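Structure first, then comments.
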Amino acid sequence: MSTTEKIRITGKGGIAYVLGTPMCLYDGDVHIGTLDPVPVNKLGTEVHVEHFTPAAIPGDRKVALSKLVLVEMVLYLAENFDSVQAISVALGREIEGYGDAVRLADARSIFLENIGASHIKMTPKPNGDHMGHFVVSGVWIYNPSNFAALTEVVQAERDTYFGAQRANEGIPKPSRLNALVKRLTARN
């Protein structure tokens, strides 16, 4: 199954997003969070993604949505801003109910690796209330192989998130045969 649904990204107030300004993300008309600030170097070639503030999201959707939001932001920047050649990412927000912080850091590291990020580091984040918390960071460099890896992960995350959403709403998933027919007719 492959979905064409995706997270919508705008600037504040629903206007077109401008590089370096706060980035607002929506699932349909529902605001799911804001990336603010969005630091950009002086040449406009490097962007840093770190300070995402999620809206109130039901717990069962948080993990799938957080993964989708990250890759949607990176893809959006890569597709819409030719000057952007590198996107650094730092993941340090705690995920309620995830459990073991080392396992979370390892999962984040693997996820960044899967989208083509390099220079991945796990750095302890001192916090007296939550010992063993880590910030996982890496750099996604724009090149054909990283872009291919990113788009593959984006599609898989869209399928996971929107497929689960359809299932919860009782909307039937397209059959494998329908998906195959669509793929074959798209080639002609």
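Details
- Subtracting the Cα-Cα distance of ASP100 and THR34 from 0.36 nm times their residue separation leaves 21.1 nm of extension gain.
- Computed from the Cβ-Cβ distance with R0 of 30 Å, the FRET efficiency linking LYS42 to ILE15 stands at 0.80.
- Label zone at ASN143, where the point sits 7 Å out along the Cα-to-Cβ direction: the range 26-45 residues whose backbone N lies under 20 Å: 45
- The heavy atoms of GLU113 present about 120 square angstrom of accessible area, all protein chains included, probe 1.4 Å.
The values are calculated or read from the model by the stated rules, or taken from the named source; none is laboratory data. Note that the structure is predicted; figures quoted are calculated from it, not measured. Because the Cβ atoms are built from the backbone with ideal geometry, glycine has one as well, and the counts that use them run over all protein chains shown. Surface accessibility is based on the protein's heavy atoms, side chains included, excluding ligands, DNA and RNA. Shrake-Rupley method; radii C 1.70, N 1.55, O 1.52, S 1.80 Å.
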